[in-house]
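Worksheet for the structure shown next.
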Amino acid sequence: MSKELKNYVAGRWIGSSTTFDKVSPFNGAHVAKVHEASATLVDEAVTRGHEVSIGGNASIWGDLPLKQRLAVIHDLADRLEARVEDLVEAEVADTGRSHWQASVFDGARAARLFRSYADAAASLENRSMQFSGEMGFQGMWHSTRRPKGVIACICPWNVPILMACMKVAPALVMGNSAILKPSEETPSSATVLAEVMAASDVPDGAFSLVHGFGAGSTGEFLASHPKVDAITFTGESGTGSAIMKVAATGLREVSLELGGKNAALVFDDARMDAVAEGMTRSAFFNCGQICFCTERAYVHRSRFDEFVEMMAEIASGIIIGERSHNGFSIGPLISHGHRDKVKALLDAVPAHGGEFVAGGGIPSFGDARDNGAFVEPAVAIGSPEDSPFVKQEAFGPVLHVAPFSDEDEAVALANDTQYGLATCIWTENLNRAQRVAPRVRVGHAWINSWQIRDLMSPLTGAKASGVGDQGGRLSLEFSSLPQTVTTRIFEEDPAWP
Ligand code: NAD
């Protein structure tokens, strides 16, 4: 049933005269009418957020003793857990993914993130030291982490609730106000999060939700607002660059997690059964819409034919568009617009001399799913290394496969991209794996696996894949300011009068 999704600002649900429709990429059905937040409403969210984090009413949230704030966050996590089924339904409706996938990888991890960040904040150490300064002054300094103020959390659509919680949780636990701007493609789970916030003890204004688009809309109003103190953004590299430009006005800090064109290296001694399992997930999980997904596989010449045959068979057999399937399957791309982009890259493959060994087209179901944004998982060989299919991020279920002869060539091929997000190294020779991993210029290298990931581990992108770091302690540090307080210690007390 179609819903109406409003903005949640300063403790109130606020509609707008401008709305847009969210439709399902699964079958084109209407999911929700969404209220776009205006510049005035964004200003209200930022102003109130500033007040309760570092402004005149900071005692409400920013100055609340850590223990009390963390108790509120733990209670929030309990409430979020109680709504897990609603989160799952929201993700299924907005993205078309299966109920199984949304349960295991999205809903269940949301509450856990709030708990993990609360625990990590509780064990953050404050530093102190006694010292002698110039002119013989004795002193003691201690440094504590203070909230930065208002943190804008601007999110993509690929793992909506997870991405939102990865940004909102560290911001809130450190005493900031968080303003969440979900993607226009995935407004539903963020709305469930806002409902949970509204019912919790998180004070009005410490969390706001504003819906809308990017440039010329809510995203830009938020990023360019002078009272936003820091921006954490995940999305395309081009958008990251636009956000960095507006953040330069007012010298606001940014943390940007951006695009990728990740390469896997399959060496001659790789265990092909493990490669089959890992590569299936890394190329096709979430229909290829995970920033860490592999879109290029470089395979030692001696195993190339075997690998191509194996991946062609796997890709051709993947279950597509069965939302009730309990296990690995793929849903649609997020929208018809995104499918047009992926399809254009696929169509360029034969034009540049490449050849599909699997996929390359759009599946036909003979039912309402034909109104969806599906695409067949594709594996292609023979594409030149400088062709669009090899160079541009598809963010879809696509795999370019090419051979290499030795380690140096494999590393050079992996690094021949503007991006630097992730790699997978498949070999039984751990010596080689440890030698190669640091030579591939990426933020995350997996050895004989993909996406075995502790969400509190550091998340960084090299080159055009990111600026700044996130994950665990790094996100807590981004969300706070180390304030040093120095006290002079007199050698003796002054004589009493
Ligand atoms: P996108 O850049 O189009 O949009 C992301 C968000 O930014 C949306 O909420 C959008 O409304 C907003 N936005 C767009 N233009 C804006 C502007 N000028 N000012 C302020 N906000 C603006 O990205 P997307 O299509 O939603 O997501 C897919 C991209 O995200 C892919 O490139 C993928 O690689 C990347 N991604 C990266 C990571 C990572 O950790 N590195 C994780 C997930 C996704």
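A short reminder: the numbers here are calculations on the coordinates, not readings from a lab. All values reported here derive from a predicted model rather than from experimental measurement. We place every Cβ from the backbone using ideal geometry, glycine too, and count neighbours over all the protein chains shown.
The table below gives the values:
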{"read-out": "Over the chain, relative contact order from alpha-carbon pairs under 8 Å, at least 6 apart, %", "value": "19"}
{"read-out": "Kirkwood Rh and Cα Rg combined as Rg over Rh, evaluated for the stretch 349-457", "value": "1.04"}
{"read-out": "Of 20, 460, 286, farthest towards positive along the dipole that unit charges on Lys, Arg, Asp, Glu beta carbons give the chain", "value": "20"}
{"read-out": "Cβ-based exposure ranking for 67, 6, in which fewest neighbours within 10 Å come first", "value": "67, 6"}
{"read-out": "Label-point gap, in nm, between residue 491 and residue 128 - each point 7 angstrom along Cα→Cβ", "value": "2.4"}
{"read-out": "3J(HN,Hα) from dihedral phi, the stretch 82-96, Karplus parametrisation 6.51/-1.76/1.60, rounded to Hz, x for glycine, proline", "value": "5, 9, 4, 5, 5, 4, 4, 4, 5, 5, 4, 5, 6, 10, x"}
{"read-out": "Gain on full stretching of the segment that runs from residue 213 to residue 305 - 0.36 nm per residue minus C-alpha separation", "value": "28.6 nm"}
{"read-out": "Pairwise Cα inverse-distance average, inverted: Kirkwood Rh of the chain (Å)", "value": "23.9"}
{"read-out": "Environment charge of residue 310, counting only residues whose C-beta is closer than 14 Å and scoring Lys/Arg +1, Asp/Glu -1", "value": "-4"}
{"read-out": "Phi to ³J(HN,Hα) by Karplus 6.51 cos²θ - 1.76 cosθ + 1.60 over the stretch 176-181, Hz, x for Gly, Pro", "value": "7, 9, 10, 10, 9, 10"}
{"read-out": "FRET efficiency estimate (nearest 0.05) - Cβ-Cβ, residue 249 to residue 406, R0 60 angstrom", "value": "0.75"}
{"read-out": "Net +/- balance of residues flanking residue 333 in space, Cβ distance below 13 Å, scoring K and R +1, D and E -1", "value": "+1"}
{"read-out": "Net charge contributed by nearby residues that have their C-beta within less than 13 Å of residue 33 (K/R +1, D/E -1)", "value": "-1"}
{"read-out": "Extreme residue, positive dipole direction of the stretch 333-439, given options 361, 345, 374 (C-beta unit charges)", "value": "374"}
{"read-out": "Eligible lysines near residue 261 by straight Cα distance, threshold 28 Å, same-chain separation 8 or greater", "value": "167, 181, 245, 341, 343, 391, 463"}
{"read-out": "Global geometry of the stretch 428-497, whether rounded, prolate or oblate, following the gyration tensor of its Cα atoms and the 1.5 cut on a/c", "value": "prolate"}
{"read-out": "The stretch 352-497 - charge dipole about Cα centre, Lys and Arg +1 at Cβ, Asp and Glu -1, debye rounded to 20", "value": "80"}
{"read-out": "For the stretch 278-287, Karplus couplings with θ = phi - 60° (6.51, -1.76, 1.60), whole Hz, Gly/Pro x", "value": "x, 6, 4, 5, 6, 8, 10, 4, 6, 6"}
{"read-out": "Computed [θ] at 222 nm, deg cm²/dmol, the chain (DSSP H ≥ 4; -39,500 (n - 2.57); rounded to nearest 500)", "value": "-10500 deg cm²/dmol"}
{"read-out": "In nm, spacing of pseudo-spin labels at residue 74 and residue 20 (7 Å Cα→C-beta vector)", "value": "4.1"}
